[in-house]
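Have a look at the structure below, then the notes.
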Amino acid sequence: AQSVTQLDSQVPVFEEAPVELRCNYSSSVSVYLFWYVQYPNQGLQLLLKYLSGSTLVESINGFEAEFNKSQTSFHLRKPSVHISDTAEYFCAVSEENNDMRFGAGTRLTVKP
Amino acid sequence: DTEVTQTPKHLVMGMTNKKSLKCEQHMGHRAMYWYKQKAKKPPELMFVYSYEKLSINESVPSRFSPECPNSSLLNLHLHALQPEDSALYLCASSQLPQGANEQFFGPGTRLTVL
């Protein structure tokens, strides 16, 4: 079965600095990869996804992630963060006809 | 309509109470999910319904009883819960096949068991 590891539980960063949230996965078959964001007391919102095709995927609010099959990674990046990006970020992996597995989450805190 | 709605937003119940959580989506999704999320933890899958039939039950205690009356509605019936069941309960839906499609999450029900 597939699994996912988020390497950092907390990432503090100053406003306008770049950030990378790391995610590695394990699977023996083709996978689908997702990043979700969760703001306090809310549900999860999809940030971006990799299903097939281009390995670089982008979100509407400036985040991007690159699927790297050789390194089994799907790291999330943003060149310049805002205070409003403070949230919990979950990486998730799934296989066709299989349920989604979430990483433990990374708490991104953007400081002024 | 790309929204999953959940009611109530908050629920406080005693250990002898019976209550239900409700979830609704109108996106035509044929897979629906219940998750439990404790503070500072990822969501844990509880149940999956595919075409209104229970397809996955992740060894959840029988005090949690799911129900899928139709393709748009998902309920979670609660009875004789324990304080450790206090958590955020999230509903989600997706197209099939599951796995190959993103899940859309509702805002959750914050449950407190006294």
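Observations on the model:
- Top-ranked residue of the stretch B:1-38 - restricted to ones that are within 22 Å of residue B:63 (Cβ to Cβ) and of a type in the set (A, V, I, L, M), ranked as surrounded by the most Cβ atoms within 10 Å (Cβ to Cβ): B:32
- Qualifying positions in the stretch B:79-98 - crowded, with 20+ Cβ neighbours inside 10 Å and either farther than 16 Å from residue B:38 by Cα or in contact with an Asp or Glu (Cβ under 7 Å, 6 or more places away or on another chain) (or both): B:92, B:93, B:94, B:98
- The lone exception for residue A:24 - which of (1) under 12 Å from the mean Cα position of the chain (by Cα); (2) surrounded by fewer than 16 Cβ atoms within 10 Å (Cβ to Cβ); (3) in a strand (DSSP E or B) it fails: (2)
- All conditions in (1) of a type in the set (S, T, N, Q); (2) within 14 Å of chain B (Cβ to nearest Cβ); (3) crowded, with 17+ Cβ neighbours inside 10 Å; (4) not in a loop (DSSP other than H, G, I, E, B) hold for residue A:45, with the sole exception of (3).
- Residues located in the stretch A:92-108, provided they are more than 15 Å from residue B:105 (Cβ to Cβ), out of contact with any helix residue (DSSP H, G or I) (no Cβ under 7 Å at 6 or more places or on another chain), more than 8 Å from chain B (Cβ to nearest Cβ) and open to solvent by less than 50 Å² (accessible area, probe 1.4 Å): A:93, A:106
- Of B:54, B:73, all but one fail to be farther than 12 Å from residue A:99 by Cα and at pLDDT 95 or above; the exception is B:73.
- Selection status of residue A:14, open to solvent by less than 40 Å² (accessible area, probe 1.4 Å), in contact (Cβ under 8 Å) with a residue 12 or more places away in the chain and aromatic (Phe, Trp, Tyr): no
- Members of the stretch A:59-91 that are touching a Lys or Arg at 6+ places or on another chain (Cβ under 7 Å) and within 11 Å of chain B (Cβ to nearest Cβ): A:88
- For the stretch A:78-87, the criterion of a residue being free of Cβ contacts under 8 Å to residues at least 60 places away in the same chain and open to solvent by 40 Å² or more (accessible area, probe 1.4 Å) is satisfied by at least one position.
- Residues that are within 18 Å of residue B:45 (Cβ to Cβ) and either in contact with a His (Cβ under 7 Å, 6 or more places away or on another chain) or outside any strand (DSSP E or B) (or both) do not occur anywhere in the stretch A:71-91.
- Single residue of the stretch B:39-70 satisfying the filter (open to solvent by 80 Å² or more (accessible area, probe 1.4 Å) and basic (Lys, Arg)) that is farthest from the other protein chains (Cβ to nearest Cβ): B:53
The values are calculated or read from the model by the stated rules, or taken from the named source; none is laboratory data. Computed from a predicted structure; not experimentally measured. Methodologically, a virtual Cβ is constructed for each residue, glycine included, from the backbone with ideal geometry; neighbour enumeration extends over all protein chains shown. What goes into the accessible areas is simple: the full protein's heavy atoms, side chains included, and nothing from ligands, DNA or RNA. Shrake-Rupley method; radii C 1.70, N 1.55, O 1.52, S 1.80 Å.
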